[in-house]
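Notes follow once the structure below has been shown.
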Amino acid sequence: MSSFVLFAIIILYLALLFLIAFFAEKNKRSKWVNNPIIYTLSFGVYCSAWTYYGSIGEAAEQGVRFLAIYIGPIIAAPLWIILLRKVIRISKQHKISSLADFISLRYGKNRFLGALVTIVCLMAIVPYTSLQLKSVSETFEIMTQKSLMKSNSIFTDSTFYIALILAIFAAIFGTQTTDASQKRRGIIFSVAFESLIKWLFFIIIGIYCTYYLFDGTTDIVHQFKSQPNFESLVTLGGFEGGFNWFFTIMLSFIAIFLLPRQFQVAVLENNREKHLKTAIWLFPLYLLLFNIFVVFIAWAGKIRLGNEVNAEYFSLLLPLSEGNIFLAILVFLGGLSAVISMVIVSSLALSIMISNNLIIPYGFLSKFVKNEPEKNEKFIKNIRRFAIFFIIIVSYSLFYSFSAKMSLYSIGLIAFVIIAQLAPSFFIGLFWNRGSSKGAIIGIFSGLLITFFTLLVPFLLEANSLDPAFLKEGLFSIPAFKPHALLGIDFLTPPTHAFFWSFSVNTFCYVYFSLSSKGNYRERNYAEMFVDSKNFTDLQDSAFVWKGEAYVSDIKEVLMRFLGQEKATRALNIFFAKYNLPKNTQFADAKLIHFSEQLLTGSIGSASSKILIQSVVKEEEISLVEVLRILEESKEAIAKSKAFKEKSLELSNLANQLKEANLKLVEKDKQKDEFLDTVAHELKTPLTGIRATTELLLDDAEMPTPMKEQFLNNMLQDSERLSRLIHTILDFEKLSSEHHQLIKTTNDISKTIAKSIASLQTMAAKKNCTILQKSTYSVTINYDEDRMIQVFTNLIANAIKFVEPNEGLISIEYLFEDKQLKISVTDNGKGISEQDQEFIFDKFFQSKNQNTIKPIGTGLGLAICKQIIDKHQGTIWLDNSYTNGAKFHIKMPLN
Amino acid sequence: MKKILIVDDEPNILMALEYAFKKQDFEVYIARDGSEAIEILKKELPNVILLDIMMPKVDGYQTLQIIKQNEKLKDVKVVFLTAKSKKEDIEKGFSLGVDQYFTKPFSTKKIIAEINLLLQE
């Protein structure tokens, strides 16, 4: 196909990616952009052109061995919940913006270590990136069936332009904020999109090869069985092959954590911790599905195309050989997606390291201190933009000048081995507080040295068809120093061999030199914070140990250079508010130093932030012992304050209980007072009548007889009232006392009601009203019969008082409800006014609506009824929905 | 003729007091609670009001308040006649502006004497 058409398609696709990234940046907070699926798909940046094309080549030549590269991440996935979460938490807390920053911070913001990590990453990733670009160029060549490499100028090379566009893309969406610890939703969203595209197109070509070109998987296997080396391609190759597998799995296990692009998407771009929960199952699934068809495409290619063509590009060559250009374009775009995401995320991650861990800490700090904030911001962004272009251009020129026959697979593995040199300092440092910067530096250096000798140098020499003697005979002709068979271990492939030796020596050096060196107090401080991150998250700023003299104004000055006046002031105000400090605080403490360093870390890296802050403060050296003591103290203080909080909570609970009890007592006292008052009032009232009347009768001899009789009658009434009152009060008091016991016997409620009615017939007859017992069936339950008669008598007597003479009808009935006996006493009197309803069961409450001239009663009737029913575990209440008079209900338990 | 309004919710007490004051040539009005008393006061202007405190509907305190707010009744003497005999109750009564405070049970003779004294002032 025409190269112009293909180039146009590429440009259109890139334009689409720009649009997608713009969309995501605009909708930063939308659910479409922030969800666990996008997060998981962004992990797919792991599958570069190496997976897309390289795996097929490896599968064709070496069989199932390529799978080891994917088994490592699958094994690692469940561990993310512990490991990755810890890393994410620490990174968020300290505003870490790159892998180099993370390691440098762990070892006390060590500037040199940060730079070393950056260089290691560059060594691993730049050639790797270059190979990605190579795959673009080669697939372009295959698609257009022209050799572009023959063009003499890079300006006629389409790969150059593609690389340039990628650099622009990364620069636009990767450097929006100076604070590199900020999220880049645009890039991540487009990476997720590309992960989906490459995965989809790869599966499509897999299905095409397996089910369209062949008759399913069994057909391919059947046809492929005739190949001479079939057996070796489907097995691991015994004991030695097993070792190779094991080490390759370990390599990929490390890579899924430490490849800068993986660290970028998994840690730095993580928005919510809980997204990890989706990633741990979805990403392994993604990888598994991605790899299902690799072997079949490889074997299909072998059967159809033989050994003449580069097996890495079978997925393109197979549809092209069938004339299916559309499918070939899809495959090409899938591969391009794999390249784009890898190149962009890698160059972005590396650019941050270059700026924050290499360039800024080693040369521009003094310049920053003098500059205006806006200028600094621009400057930092420009360094990163420059770094992105630098990485991509260097990668491109590597590819352009060394068109050596380096396979995607082998370069990929070399990158893994180099990156693995960071593993001891990273992983062990997370869990071992003695790990020191000295150990880390020496470990990384020794590991690198061995990697160079056993892998990189021989690889470069072989790739350039050079064959110096030491490769076969060993260094200085000593057989034990053969690069590919160090100390006689000759059964491993070069990458696994290199990994085995470099990793072992690196780990040994790390541990040995960590144990032998005492370490610096700052280092130990951060070590404790990393290792015990869970505890120190609670401590936050106070976990940082610092002693010396520092002025807030100096620190503010530095902060303003990078954050601008407004932001710096706001940040400090928040800090002061958090720790209850006055706004004009003069002396800075350890917390403020730590806080300020953290503020700057995102923009200029942890090492530089430390240097900058330290430049304006006077720090005193602290001994290691003291650091540990202070840390222990702060931990204890936290624990103590926790215990104190609990205690004080307990105390305040107690105090509340006491208050409540007191209130109850006061209330009871008041009630008692009121009761006494009311009793006194009730007793005094008839007494007053008696006394006044007696006086009148005594003094007035001429009083007319009817009047005399009336007064004597009144006196009799009052005396009766008095004695009734005294009797009821005593009864009420008796019932109120806790010692009072009901005399429960088995009784028939129908008979009890009948007895109560009988005793009131005289009273009813006086008013000519009817008392009707509606229910007469017998129900035998346990109760104190005398007391229940008292209840019914009270209720009925009340009813008689309230009905109109000659018209009164009082009825009593009962039925079963909710496994209880419900007894109702209904009258057709005036009813109880709404305002009285809530008081009727109170002591000494008397409704003034009675139909007698003078209320007869004590005001204790209903209160006594309630007490009796309560003692039977029953309930009594007024039916306030009943309007044709008064209706009382009693519910009695059946047993 | 001197006019007296007796307010109490106890008919027997009311009856006794009514008889006693009529004997002393008072014109007697009776009310069984505060609201009845206020109704009567709209038409009549007694020289003295004998007021119980614990009454239904409108109690003695509320009635006193209404009386005190009425400019027309400012010269009327008000006397509490109540079972509330605690020191605080009596102080409260005087602070609200009653002219005399009698506790139940009482002597009719003494009350009549006191009322007559009060009206001579």
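Laboratory data are not the source of any read-out in this text; all were calculated from the coordinates shown. Since the structure is predicted, the reported quantities are computational estimates derived from the model, not experimental observations. Here the Cβ positions follow ideal geometry from the backbone for every residue, glycine too, while neighbour counts run over all protein chains shown.
In table form, for the structure just shown:
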item	result
Nearest-ten-degree value, helix A:590-604 long axis tilted from longest Cα axis of chain A	50 degrees
Structure-based [θ]222 nm, the protein assembly as shown - -39500 (n - 2.57) summed over DSSP H runs of at least 4, per residue, nearest 500	-20500 deg cm²/dmol
Aspartates and glutamates whose Cα lies under 14 Å from that of A:Lys801, excluding same-chain neighbours fewer than 8 positions away	A:Asp827
Extension gain (nm, one decimal) between A:Ile726 and A:Thr694, 0.36 nm per residue minus Cα-Cα	9.4 nm
Farthest toward positive dipole pole in chain A [+1 Lys/Arg, -1 Asp/Glu at C-beta], among A:Asn464, A:Val64, A:Ser723	A:Asn464
Sequence-distant residues sharing a close amide H with B:Ala83 (under 5 Å, placed H)	B:Ile53, B:Met54, B:Lys104
Dipole magnitude (debye, nearest 20) for segment A:649-751, charges at Cβ of Lys, Arg, Asp, Glu	420 debye
³J(HN,Hα), Karplus 6.51/-1.76/1.60, whole Hz, each residue of segment A:320-329, x for Gly, Pro	5, 5, 8, x, 8, 5, 4, 5, 4, 5
Cα-based helix-to-principal-axis angle, A:158-174 vs chain A, degrees rounded to 10	30 degrees
Too-long pairs where the Cα-Cα distance tops 20 Å, listed order kept, from B:Lys42/B:Lys92; A:Lys578/A:Lys618; A:Lys31/A:Lys277; A:Lys734/B:Lys104; A:Lys95/A:Lys381; B:Lys2/B:Lys87	B:Lys42/B:Lys92; A:Lys578/A:Lys618; A:Lys734/B:Lys104; B:Lys2/B:Lys87
Spin-label pair A:Leu19/A:Leu289, simplified geometry with 7 Å Cα→Cβ offset, distance in nm	2.5 nm
Amide H within-cut-off set for A:Ile810, under 5 Å, with H built and near neighbours excluded	A:Thr770, A:Ile771, A:Leu772
Net charge over other residues, Cβ less than 15 angstrom from the Cβ of A:Thr762 (K, R count +1; D, E count -1)	+4
Net charge of neighbours whose Cβ lies under 13 Å from the Cβ of B:Tyr61, counting Lys and Arg as +1 and Asp and Glu as -1	0
Residues whose placed amide H lies under 5 Å from that of A:Tyr551, excluding near-sequence neighbours	A:Ala588
Too-long pairs where the Cα-Cα distance tops 28 Å, listed order kept, from A:Lys198/A:Lys274; A:Lys668/B:Lys86; A:Lys86/A:Lys640; A:Lys708/A:Lys830; A:Lys370/A:Lys567	A:Lys708/A:Lys830
A:Leu515 paired with B:Gln24, simple spin-label distance in nm, labels 7 Å along Cα-to-beta-carbon	11.4 nm
In Hz, Karplus ³J(HN,Hα) per residue of segment A:747-763 (6.51, -1.76, 1.60; θ = phi - 60°; x = Gly, Pro)	9, 9, 4, 5, 5, 4, 5, 4, 4, 4, 4, 4, 5, 9, 4, 4, 4
Angle in degrees between helix A:68-79 and the longest Cα principal axis of chain A, rounded to the nearest 10	20 degrees
J(HN,Hα) series, segment A:799-814, from Karplus relation 6.51 cos²θ - 1.76 cosθ + 1.60, nearest Hz, glycine and proline x	4, 4, 4, 9, 7, 6, x, 6, 10, x, 9, 10, 10, 10, 9, 8
Relative contact order, percent, segment A:328-433 [alpha-carbon distance under 8 Å, six or more residues apart]	33 percent
For segment A:754-848: rounded, prolate or oblate by the Cα gyration tensor [a/c cutoff 1.5]	oblate
Number of partner chain Cβ atoms within 10 Å, mean per residue of B:49-56	2
Extension gain from A:Glu240 to A:Ile489, taking 0.36 nm per residue of separation minus the Cα-Cα distance	88.6 nm
Distance in nm between pseudo-label sites at B:Glu114 and A:Phe7 (7 Å out along the Cβ direction from Cα)	12.1 nm
FRET efficiency estimate (nearest 0.05) - Cβ-Cβ, A:Glu646 to A:Asp818, R0 30 angstrom	0.10
Burial ordering of A:His740, A:His872, fewest other beta-carbon atoms within 10 Å first	A:His740, A:His872
Residue-span extension gain [A:Leu809 to A:His739] - 0.36 nm each, minus C-alpha spacing	21.3 nm
